[in-house]
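J.: Would you mind keeping the following structure in view while I ask a few things?
The values are calculated or read from the model by the stated rules, or taken from the named source; none is laboratory data. All values derive from a computational prediction rather than experimental measurement. Heads up, the Cβs are rebuilt from the backbone with ideal geometry, glycines too, and the neighbour counts pull from every protein chain shown.
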Amino acid sequence: MQTKRANKTDRSLKLVLSIVLFTAALMIQSVPSVFAATTLLNRSDKMSDSAAGANTTHVVSFTFTDFVSPVGSVQLEFCSNDPIPESACVAPNGFDATSTNIVSQTGETGFSIHANSNANNIILTRFPVLVTTADVEYEFDNIMNPTDVGTFYIRLRTFSSDDATGIAIQQGGIALSVNRQFNVSAEVPPFLRFCASVTIVGFDCSTATSFLIDLGEFSTSQTKSAQSEMVAVTNAPSGLSITLSGTTLTSGTNVITPLASQTASSAGTSQFGLNLRANANPAIGADPTGPGVAGVNANYNNPNLYRFQSGDVVASAPGPNDYRKFTVSYIANIGTNQPAGVYATTISFICLANF
């Protein structure tokens with residue numbers, strides 16, 4: 001009786017053990033294999049032009065955080081709906097990257113564009129190797145922006161394969177935007193300011209208020225001299241020119257000889273002339289001043305040498321000219337046979353801007 005009970009107990013233990021082992025086997029078989037891609041950090045894209053439909057460059061940068069998996073390809077998928085890698089991508093209207101090139105690559109290099117790339121999908125390919133540089137940047141040219149104004153996205157993925165197939169190692173998204181462009185225009189009007197006077201305070205043409213020079217009485221032993229000033233400024237692309245206009249000193253039909261060439265002052269000789277320099281004989285005049293670039297014409301640019309020929313250009317600038325002040329030095333001499341009389345003249349300086 002006792003022996004039979006023992007046999008029955010053994011079979012029960014075997015049955016229980018068998019059921020436990022079978023259940024454990026089922027539990028092991030039902031555990032799935034799961035791999036989740038990690039995140040690329042510091043993702044950004046700099047577009048050279050955010051206008052809808054514009055041909056632009058993209059500078060895409062991000063940071064790797066996985067250094068144990070070889071990387072053979074990087075996918076940049078451009079979508080209009082969202083940056084989520086797991087959802088279906090809708091290509092942005094008008095977006096086209098089929099003609100793009102890699103202009104530069106920094107960090108992880110050696111990539112080229114895979115043949116499987118298409119209008120909204122750029123695949124960078126290389127022989128798979130481990131990542132050794134965290135921060136990377138890739139510049140692409142000749143990419144056409146979407147024609148629709150608004151937001152679009154880049155889905156970034158890295159793969160161990162060289163053709164962006166298989167399981168993604170790392171991933172992330174970037175949001176971009178194309179906008180309507182604001183056209184801002186303004187006109188800079190043509191500008192010329194010119195004034196002449198016996199004296200001008202600084203470059204202030206409002207102080208040009210005196211226009212009469214009195215040389216006093218002539219003497220055969222002393223040169224008569226005087227000076228006046230003029231200021232010129234313009235934004236004309238081809239600059240400006242200042243032309244001398246007038247006659248020599250006259251009294252009726254009697255004249256004081258105008259100097260046809262650059263000549264030194266000589267008391268006792270009939271002479272009338274001018275220049276635009278600082279002189280020592282006589283001590284009169286000043287050199288040009290101011291930030292402008294206008295210069296003195298060669299015929300009036302030598303100290304102590306004078307000339308007077310109506311129609312001569314006495315100063316000019318080849319382009320836009322900031323404020324420039326010129327001092328005009330006049331000399332007059334008479335000979336012993338100069339007829340008596342009151343000698344006078346009117347001299348004009350004409351400034352033309354060359355627009």
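J.: Looking at the stretch 215-323, what strands (runs of 3 or more DSSP E) fall wholly within it and have at least 2 residues that are closer than 29 Å to Asp204 by Cβ and of a type in the set (S, T, N, Q)?
T.: Ranges flagged: 224-234, 240-246.
J.: Run down Ser177, Ser206, Ser185 and say which single residue is out of contact with any strand residue (DSSP E or B) (no Cβ under 8 Å at 6 or more places or on another chain) and outside any loop (DSSP other than H, G, I, E, B).
T.: Answer to the selection: Ser206.
J.: Taking Leu212 and the conditions (1) in a loop (DSSP other than H, G, I, E, B); (2) without any contact (Cβ under 8 Å) to a residue 40 or more places away in the chain; (3) surrounded by 11 or more Cβ atoms within 10 Å (Cβ to Cβ), which numbered condition does it fall short on, given that it satisfies the others?
T.: (3)
J.: So which of Gly292, Gly285, Gly319 ends up being small (Gly, Ala, Ser) and surrounded by fewer than 17 Cβ atoms within 10 Å (Cβ to Cβ)?
T.: Gly319
J.: Got at least one residue in the stretch 46-57 being within 22 Å of Leu176 (Cα to Cα) and without any contact (Cβ under 8 Å) to a residue 40 or more places away in the chain?
T.: Looking through the stretch 46-57, at least one residue is within 22 Å of Leu176 (Cα to Cα) and without any contact (Cβ under 8 Å) to a residue 40 or more places away in the chain.
J.: Is it the case, given these coordinates, that Ala315 is of a type in the set (A, V, I, L, M), farther than 30 Å from Gly252 by Cα and assigned by TED's automatic domain parsing to the domain that holds Thr257?
T.: For Ala315, the condition - of a type in the set (A, V, I, L, M), farther than 30 Å from Gly252 by Cα and assigned by TED's automatic domain parsing to the domain that holds Thr257 - is met.
J.: Return yes when Ala232 is hydrophobic (A, V, I, L, M, F, W, C) and either at pLDDT below 95 or within 36 Å of the chain's Cα centre (by Cα) (or both) and no when it is not.
T.: Answer is yes for this residue.
J.: Turning to a different aspect of this structure: Filter the stretch 238-293 down to residues that are under 51 Å from the mean Cα position of the chain (by Cα) and among the β-branched types (Val, Ile, Thr) and give me whichever is farthest from Tyr323 (Cα to Cα).
T.: Filtering the stretch 238-293 for residues that are under 51 Å from the mean Cα position of the chain (by Cα) and among the β-branched types (Val, Ile, Thr), the one farthest from Tyr323 (Cα to Cα) comes out as Thr263.
J.: From the list Asn179, Asn101, Asn118, which one is out of contact with any Pro (no Cβ under 6 Å at 6 or more places or on another chain), farther than 20 Å from Ser44 by Cα and not aliphatic (A, V, I, L, M)?
T.: It is Asn118.
J.: Let me ask another. Can you tell me which of Thr151, Thr158, Thr133, Thr125 is touching an Asp or Glu at 6+ places or on another chain (Cβ under 6 Å) and part of a strand (DSSP E or B)?
T.: Criteria check complete, one pass: Thr125.
J.: Do we find a residue being aromatic (Phe, Trp, Tyr) and in contact (Cβ under 8 Å) with a residue 60 or more places away in the chain anywhere in the stretch 267-276?
T.: yes
J.: To continue, here is another question. If Phe326 meets every condition in (1) surrounded by fewer than 18 Cβ atoms within 10 Å (Cβ to Cβ); (2) in a strand (DSSP E or B); (3) not aliphatic (A, V, I, L, M) apart from one, which number is that one?
T.: The single condition Phe326 does not satisfy is (1).
To keep it simple, each residue is scored yes or no on (1) touching a Lys or Arg at 6+ places or on another chain (Cβ under 9 Å); (2) buried (at least 18 other Cβ atoms within 10 Å of the Cβ); (3) hydrophobic (A, V, I, L, M, F, W, C).
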| residue | (1), (2), (3) |
| --- | --- |
| Phe62 | yes, yes, yes |
| Phe67 | no, no, yes |
| Phe78 | yes, yes, yes |
| Pro85 | yes, no, no |
| Pro92 | no, yes, no |
| Phe95 | no, yes, yes |
| Ser99 | no, no, no |
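J.: I'm trying to understand the selection: among the residues of the stretch 326-355, which are aliphatic (A, V, I, L, M), within 19 Å of Pro282 (Cβ to Cβ) and out of contact with any strand residue (DSSP E or B) (no Cβ under 7 Å at 6 or more places or on another chain)?
T.: Ile334
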